[in-house]
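A short write-up of the structure that comes next.
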Amino acid sequence: MTGLFKILIVDDDDDYRETYRMLLTRKGYCIDAASSAKDALAMMEKEFYPLIITDIMMPGKDGVSFLKEVKEIYEKNVEVIMVTGYGSIETAVQTMKIGAFGYFIKSHNPEELIIEIEKVQKIFSLQNTSKINKDNEMGKYLCISKNEKMQKVFEMVNLVAASNSNVLITGESGVGKEIVAQLIHGRSSRANMPFIPINCRYFSSSLIESELFGHEKGAFTGATSKRIGHLEEANGGTIFLDEIGDMDEGTQVKLLRVLETKRIERIGSNRLIDVDFRLVSATNKNLVKAVESGRFREDLYYRINTIEIEVPPLRERREDLEDLINFFVNRFNRETGKGITAIDYDTKKFLLNYNYPGNIRELKNIIERLVVLSSGCVLKSEAGSGARKSRIDGEDEETLTYKEAKQNFEKSYIVRVLKKCGNNITHAANVMEISRRQLFNKIVELELKEYINESDR
């Protein structure tokens with residue numbers, strides 16, 4: 001995976017540049033070189049390098065001044081190792097205070113430099129993975145199934161993980177499409193590089209472009225500093241575009257161009273930056289119909305859909321329910337330290353027979369709430385008022401009238417979407433694909449005014 005970790009060597013001495021290039025290329029790294037700080041900064045505008053190795057004594061802008069500028073522009077996104085032929089404690093301390101990662105003297109054993117580089121690569125990978133997806137641990141997922149359809153999903157994951165093909169994951173909301181994407185990434189050669197998820201539904205057209213492509217300082221009002229976009233940040237790793245069917249047409253055009261050229265252009269810049277990422281997309285919409293109606297570009301659809309993986313809803317894999325229930329109980333039992341040893345008979349009967357319109361996400365939330373509200377070692381549905389909200393109240397839902405069941409679902413759905421949208425009616429209406437007036441009337445009808453912002457009343 002070192003070949004996807006790019007390093008920029010900056011040294012005015014041709015021999016040293018070539019020596020470093022040969023040494024690090026043999027170690028499997030992708031190496032570029034510049035003969036001056038000026039040239040290096042120009043190259044960094046076109047390509048993202050997580051690590052710079054720079055000489056201190058150079059004509060023009062010296063290494064210390066170059067270090068200051070790199071840290072001012074890129075902050076913690078780029079690490080710098082200082083190299084010199086004349087080692088001194090004072091210089092080393094000075095550069096470390098400015099933000100240098102390490103300090104290497106040319107006459108020392110090159111293996112010392114390799115060790116420092118490996119430290120940077122490991123820290124870079126861990127920081128990105130932790131920041132972007134702190135739940136990306138195999139122990140947090142149940143990766144086995146008794147269901148034939150789900151077994152085929154896991155087989156496909158193993159097959160496509162070894163390739164670099166774009167993958168489209170389809171299925172209802174809550175079936176675990178992001179988990180499948182994480183499994184693909186985790187079993188690929190890019191596993192040690194970033195996995196970056198973006199939900200296209202929750203960003204406006206202007207905001208999602210900044211999220212994806214980044215922007216230059218002053219590119220628009222509020223752009224007070226340069227920002228590296230997620231496509232650039234995912235260099236060497238995997239970008240996961242959830243709900244890609246909600247992406248607006250303008251962004252679709254720009255994404256298609258990136259997929260064709262493997263280059264991006266930050267907002268406010270005309271410089272092209274090379275990127276290398278694997279694209280995994282997901283949607284709960286019928287993209288074929290979206291293409292037919294003109295809401296989704298046909299050329300982009302075929303570009304993202306090299307391989308399609310369809311994840312079945314939970315109601316079609318009921319043979320997995322008991323394993324999933326036990327898995328989530330054990331997981332939240334460990335996290336909360338509740339000491340639960342068994343599940344009450346009636347509670348388990350309900351959990352096994354409930355239809356789960358919200359799929360695995362709903363099952364997970366129900367189990368988490370029950371565990372948190374549990375007061376003994378036996379998990380019971382009478383854990384408190386929260387149990388009723390999670391539809392585990394000991395009452396047989398089949399006794400409800402159709403009208404009552406429909407109203408319960410509408411309440412739960414609207415509250416869930418409003419909370420995700422910060423209780424903003426306009427945003428929530430867009431997500432639900434209904435008018436703002438329709439949503440407001442429903443909120444009044446279902447007596448849910450407490451869930452909306454005062455300014456929206």
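Bear in mind these aren't lab numbers, they're just calculated from the coordinates by the rules spelled out. On a predicted model such as this, the values are computed, not experimentally measured, just so you know. All Cβ positions, glycine included, derive from the backbone under ideal geometry; neighbour counts span all protein chains shown.
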What whole-number value in cubic angstrom gives the convex hull volume per residue for the C-alpha atoms of region 146-312? 110
As a check on your grasp of the helix formula, calculate [θ] at 222 nm for the chain: sum -39500 (n - 2.57) over DSSP H runs of n ≥ 4, divide by the residue count, round to the nearest 500. -14000 deg cm²/dmol
Can you give me the C-alpha center-to-center distance between region 259-329 and region 77-121, rounded to a whole angstrom? 41
Test of understanding: ordering K46, K76 by Cβ neighbours within 10 Å, fewest first, what list do you get? K76, K46
Value of relative contact order over the chain, rounded to a whole percent, pairs C-alpha under 8 Å and six or more apart: 12
How high is the FRET efficiency between R416 and M57 when r is their beta carbon distance and R₀ equals 60 Å, given to the nearest 0.05? 0.50
For the chain, what does the equivalent ellipsoid look like in terms of its semi-axes, each the square root of 5 times an eigenvalue of the Cα gyration tensor, given largest first in whole Å? 48, 26, 22
Taking R0 as 30 Å, what's the FRET efficiency between K149 and N365 from their Cβ-Cβ distance, rounded to 0.05? 0.80
Simple spin-label estimate for D274/R295, 7 Å along Cα→Cβ, in nm, reads 3.9
Which residues among region 299-325 fall inside the zone where the amide N is under 14 Å from a point 7 Å beyond the Cα of N355, along Cα→Cβ? 314-316
Of H108, H185, H215, H427, how do they rank once you tally other Cβ atoms within 10 Å and put the fewest first? H108, H427, H215, H185
How big is the antiparallel share of DSSP beta bridges in the chain, given as a percent to the nearest 5? 10
Determine the gain in length on full extension of the stretch K122-E308; use 0.36 nm per residue of separation and subtract their C-alpha separation, reporting nm with one decimal. 63.7 nm
Only counting other Cβ atoms within 10 Å, I'd like T84, T238 sorted with the fewest neighbours first. T84, T238
By the C-alpha gyration tensor axes a ≥ b ≥ c (rounded if a/c is under 1.5, else prolate when a/b exceeds b/c, else oblate), the shape of region 1-111 is rounded
Filter on K38/K119; K38/K217; K68/K226 - keep pairs with C-alpha separation over 21 Å: K38/K119
Taking Cα atoms, the helix 359-373 axis meets the longest principal axis of the chain at an angle in degrees (rounded to 10) of 80
Between helix 436-445 and the chain, what is the angle of the helix's C-alpha long axis to the longest principal axis, kept within 0 to 90° and rounded to the nearest 10? 40
Using the beta-carbon distance between Q94 and R437 and R0 = 60 Å, what value does 1/(1 + (r/R0)^6) give for FRET efficiency, to the nearest 0.05? 0.40
Distance in nm between label sites at N199 and N424, each 7 Å beyond Cα in the beta-carbon direction? 1.3
